[in-house]
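Just so it is clear, none of the values below were taken in a lab; they were calculated from the coordinates. All of these numbers come straight from a predicted model, not from anything done at the bench.
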Amino acid sequence: MKFFTFRGLAIITPFLLPLAAAAQTNPNGSNINAIPTEVPFLNISPDSRSGAMGDAGVALSPDVNANFWNPSKLAFLESNDALSVSYSPWLRHLVPDISLSYLSYAHKIDERNTIGASLRYFNYGSIQLTDDNTNDQGTYTPNEYSLDVSFARKFGDNFSLGLTARYIHSNISSISFATGSSQAAKAGNAFAADVSLYYTAPYGDGNTFAFGTHISNIGTKISYSDVGNKYFLPANLKLGVANTWQLDDVNEFTATFDINKLLVPTPPLRDKDGKIIKGKDDNVSVPAGLFQSFGDAPGGFSEELKEISFSPGVEYWYNKQFAVRAGYFYENPNKGDRHYVTMGIGFKYSVFDFDFSYLAASQQNSALANTLRFTLSANFGGTTNASKR
């Protein structure tokens, strides 16, 4: 049997794979030795463009999916209105009907100000429920979603800032405490905010350098009962650079590189009595946890470095109509153990863009292996405001 677990939730599937009989993974695909947070779906790359480039996107040229990657980039959109829909069958090696859906929209108010909105929906599939005596208790479909509203403002021709407000709903409670707990289960709710910046500078003959940073999911803790523990959201820091070379009239090449770090406390090492041996107490407030996350690893500075993941990626465009992409994602084996190669293609026709990505995991029997993402985007409403810089 396979077990798909996070906190108190266990999904058991009847597919026997000898090499992964007791495998456990988090919803974002990392192993259970990753730093624990709730609602990790918030940090899953939802769109196919960045999904094909090793999950890098903080400094890429702006598109409507900047609502996820770096909302400050929305101020540099060329179209006055943009809409995108993404879908990904997720962790299909574990459960056959898990999926991530993403809807993103942006509207330019004027030449400097842009608003954005997005919806992320994570469906855990249909779960067969049983009691302690394996009696049928029906089925249940746990799910989580977030609703975002963003505002981006351009300052001059090269720099912008962004702010995002987020509501998070996690409805996994019907089975979170199904193993005999006396706590009354409920859906978890939380609020969070993001801050972001983007800098872009043209140089040479059509070349562009860009830098971006995005601090996301700074918000309340989340709980699944009135008296139970409260857990950290996956507060996150992303930094990225990108450079685009205009090779000639029809050929364009971009290289990008992102680094990523969770801004939540690292659990300390404890003895059998619960006393801390190494590290710092992780039962702290959200502000304290954010600052503590930079220096609380039990293994010291070397372990802190292991908590940083890397995402290099490349993109080639021919005549602004056809794109080929590739990338790599690396996460330390002791901090989640995700490492995989990604690739994909993109097509542009009139106001529409279609993007596809494929993930080829490098570790054996990875839950993320063969993950697909599909994105359809539309840019409309003209470019009247976008041309006034």
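Of note:
- Stokes-Einstein D in µm²/s, Kirkwood radius over Cα pairs - the stretch 87-131 at 20 °C with 1.002 mPa s viscosity: 163 µm²/s
- Each listed q (0.11, 0.16, 0.19, 0.21 Å⁻¹) maps to a log10 I(q)/I(0) for the stretch 70-158 from the Debye sum over equal C-alpha point scatterers, namely -0.49, -0.73, -0.87, -0.96.
- Taking one quarter of the surface of the convex hull spanned by the alpha-carbon atoms of the stretch 168-303 gives a direction-averaged projected area of 12.7 nm².
- Pairs beyond 28 Å (Cα-Cα), from 230/306; 73/280; 221/280; 108/261; 108/186: 73/280; 108/261; 108/186
- For the stretch 210-217, Karplus couplings with θ = phi - 60° (6.51, -1.76, 1.60), whole Hz, Gly/Pro x: 9, 9, x, 9, 9, 9, 10, 6
- Measuring how big the stretch 233-274 is from its alpha-carbon positions, Rg and Dmax come out at 20.4, 68 Å.
- CD proxy at 222 nm, helix term only [per DSSP H run n ≥ 4: -39500 (n - 2.57); per residue of the chain; nearest 500]: -1000 deg cm²/dmol
- Whichever aspartates and glutamates have a C-alpha closer than 18 Å to that of residue 320, once near sequence neighbours (fewer than 8 apart) are set aside: 63, 78, 205, 248, 249, 252, 353, 355
- Length gained when the stretch residue 380-residue 103 is fully extended (0.36 nm per residue, less Cα-Cα span): 98.1 nm
- Of the residues 135, 319, 171, the one that moves most in a GNM of the chain with alpha-carbon contacts below 10 Å is 135.
- Taking θ as phi - 60° and the Karplus parameters 6.51, -1.76 and 1.60, the scalar couplings of the stretch 110-115 work out to 7, 5, 10, 10, 9, 10 Hz in sequence order, x denoting glycine and proline.
- Most fluctuating residue given options 30, 61, 350, as computed from a GNM of the chain linking Cα atoms under 10 Å: 350
- Whole-number percent relative contact order across the chain, with pairs defined as alpha carbons under 8 Å at least 6 apart: 19 percent
- Descending Cα extents along the principal axes, the chain, whole Å: 67, 40, 36
- Volume in Å³ per residue [convex hull over Cα atoms, computed for the stretch 205-250]: 86 Å³
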